[in-house]
Structure formats: structure tokens, C-alpha cells
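Written below as C-alpha cells is the structure these notes are about.
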Amino acid sequence: VIYELYYWPEIQGRGEYVRLALEEAGAQYVDIALRPDAVAEIRTYLEGTDIEHPPFAPPFLKAGKQVIGQTSNILLFLGGKLGLAPRDAAGRLWAHQLQLTLADFIDEIHDVHHPLGPTLYFEDQKSESKKRASEFLASRLPKYLDYFDHVVERNRGGRGGLVGSTLTYPDLSLAQVIAGLEYAFPRSTQKALRARPRLAALRSRVFARPRIKRYCASPRRLAFNNDDVFRRYPELGD
Ligand SMILES: N[C@@H](CCC(=O)N[C@@H](CS)C(=O)NCC(=O)O)C(=O)O
């Protein structure tokens, strides 16, 4: 099957975690975001009444007749097919658990610039955002990074990855989260990575993989920008 990835145009967003898996595997896929009528096509699925399993929000993936929503769920579906997940059920569940934890982390990163909710503009929640940023940088960022660092450390013989001895999709997602944090909170993230060289190495290794490198050098890879999940607002104090 040729996969179709439905995600909003002009941002990496949560679609990027799916893209990185498809790109690393060299899978054939259609990126709907590149089509001029992408938004309208996405809305057909969100508002469509004859969709059997309607997604709440992008990203969602079409695989033949199946429509699969939720980033972590899409990766659970793709992981085995793309050779980016363990073969055994316990290993699959562990990779999925890590991806769900990354999804929580991503939500918290997003909520730094939208602490009062996603329907208000950042400009209308700036003072709350400043408070959230200082709490995030002081407590949550180190807590999540320590957790993933610990998982890598525990995975002895794992060649620096999170799961087993080969590259898996949570490695790709963690590398993307770290790259996003480097964009959004450069100073705190550099400091955090200096203290956690295993995570810096994981990020570098993922982005040095030939297919990921080629993808990131291509026009398909969008730049980080301030309409996205990772946003650079110096006024938040980093
Ligand atoms: N938990 C979902 C979150 C999906 C999500 O928040 N998608 C965003 C774009 S990255 C969206 O379009 N949200 C619309 C909304 O929440 O109304 C996932 O991981 O896929």
C-alpha cells in the first residue's frame, strides 16, 4: 500500500514524527500537506459523516481503507511494518509506552506557549506563558529528559537507543523533540544536553542517518517556525 499522511501544511507539527518514520524506512507515501487543497482535504475527514473511524485531529494516516488517527497510534501501526519496532508483543508495547510519554512531553511543551488553551492567541496569554515557561524549564524539562536518559542508560547493549539493539520509532521521535527544544529553548536545552551526553548523542546519531539526513536537506523538511509546537519566544526567559 502507498500510505497517505494527512497533516496541516507549513508546519512540522505532530506530522513530523510520522514523516521521520516513513522517511527512515524509505516507505512510499503521499504527503497531503504538499497539496494545494490540503486543508480542505483534511476537513473532509474531520467533518465527514460517512467516515467509519473519524479522527479528532491531524495527523492521521490512510492505509488502504483504514484511517488511523493519533500520532502514537499511527506509529504503533507503522512500527512493525516499517521495521522500526521490536518483533515481540512486550517490546511493541514498550515502544508504544515510550511514544505515549513523548506525546505527553510534546503536549507540555506546547502548553508553555498556550497555558490557557489552544483557542486563544499567545499574545493573550503571555504573562501566564511566562510563568509556565519558568516552571517547565526548572522542573518538567529536566524530569522528562532524565527519564529518557535513564531509559537509554538501562538499555545496555542498546547502542545508545531507547529500545532493544536497533533503531526504533521512539528514537526518531525523541531526536525530533530534542531538536525542537534546541530551537525553542536554546540555552536551557544546551545546558541540559551537556549534562546528558547520551541524549545529545542519540539526537546526533538519528540526524546523521543517511535517509534522515537526505530528508532534512530536502525541501520536504520544513524549518521550525513560530506557528508550530516548538516556538522561540525569547521573552519567555530562555
Ligand atoms: N494527541 C494527538 C494530538 C493531535 C493534535 O493536537 N493535533 C493538532 C495539530 S498538531 C490539531 O490539529 N489540533 C486541533 C484541535 O485540537 O482542535 C496526537 O498526538 O496526534
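The values are calculated or read from the model by the stated rules, or taken from the named source; none is laboratory data. What you see is a predicted model; the values in this text were computed from it and never measured. Heads up, the Cβs are rebuilt from the backbone with ideal geometry, glycines too, and the neighbour counts pull from every protein chain shown.
Numbers below:
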quantity: Extreme residue, farthest from the ligand (Cβ to nearest atom), among residues of segment 60-119 that are within 12 Å of the chain's Cα centre (by Cα) and charged (D, E, K, R); calculated: Asp104
quantity: Near pairs, Cβ below 6 angstrom, 6+ apart or cross-chain, from segment 166-188 (under 28 Å from Arg156 (Cβ atoms)) to any residue that is among the hydroxyl-bearing types (Ser, Thr, Tyr) and part of a helix (DSSP H, G or I); calculated: Ser173/Tyr17; Leu181/Thr189; Glu182/Thr189
quantity: Tyr7, sole failed condition from (1) away from the ligand (no atom under 12 Å from the Cβ); (2) of a type in the set (Ser, Thr, Tyr); (3) within 29 Å of Glu108 (Cα to Cα); calculated: (1)
quantity: Tabulated pairs, segment 120-132, first part of a helix (DSSP H, G or I), second of a type in the set (Phe, Trp, Tyr), C-beta under 8 angstrom, 6+ apart or interchain; calculated: Phe122/Tyr233; Ser129/Phe122; Ser129/Tyr233
quantity: Enumeration of residues in segment 159-193 that are outside any helix (DSSP H, G or I), among the aliphatic types (A, V, I, L, M) and over 15 Å from Leu145 (Cα atoms); calculated: Val163, Leu167
quantity: Of residues in segment 40-56 being surrounded by fewer than 14 Cβ atoms within 10 Å (Cβ to Cβ) and among the hydrophobic types (A, V, I, L, M, F, W, C), the one farthest from the ligand (Cβ to nearest atom); calculated: Ile51
quantity: Residue within segment 217-228 that is touching a residue at least 40 places away in the same chain (Cβ under 8 Å) and surrounded by 20 or more Cβ atoms within 10 Å (Cβ to Cβ) present; calculated: yes
quantity: Residues of segment 145-160 satisfying the condition of being surrounded by fewer than 21 Cβ atoms within 10 Å (Cβ to Cβ) and modelled with pLDDT of 95 or more; calculated: Asp146, Tyr147, Asp149, His150, Val151, Glu153, Arg154, Asn155, Gly160
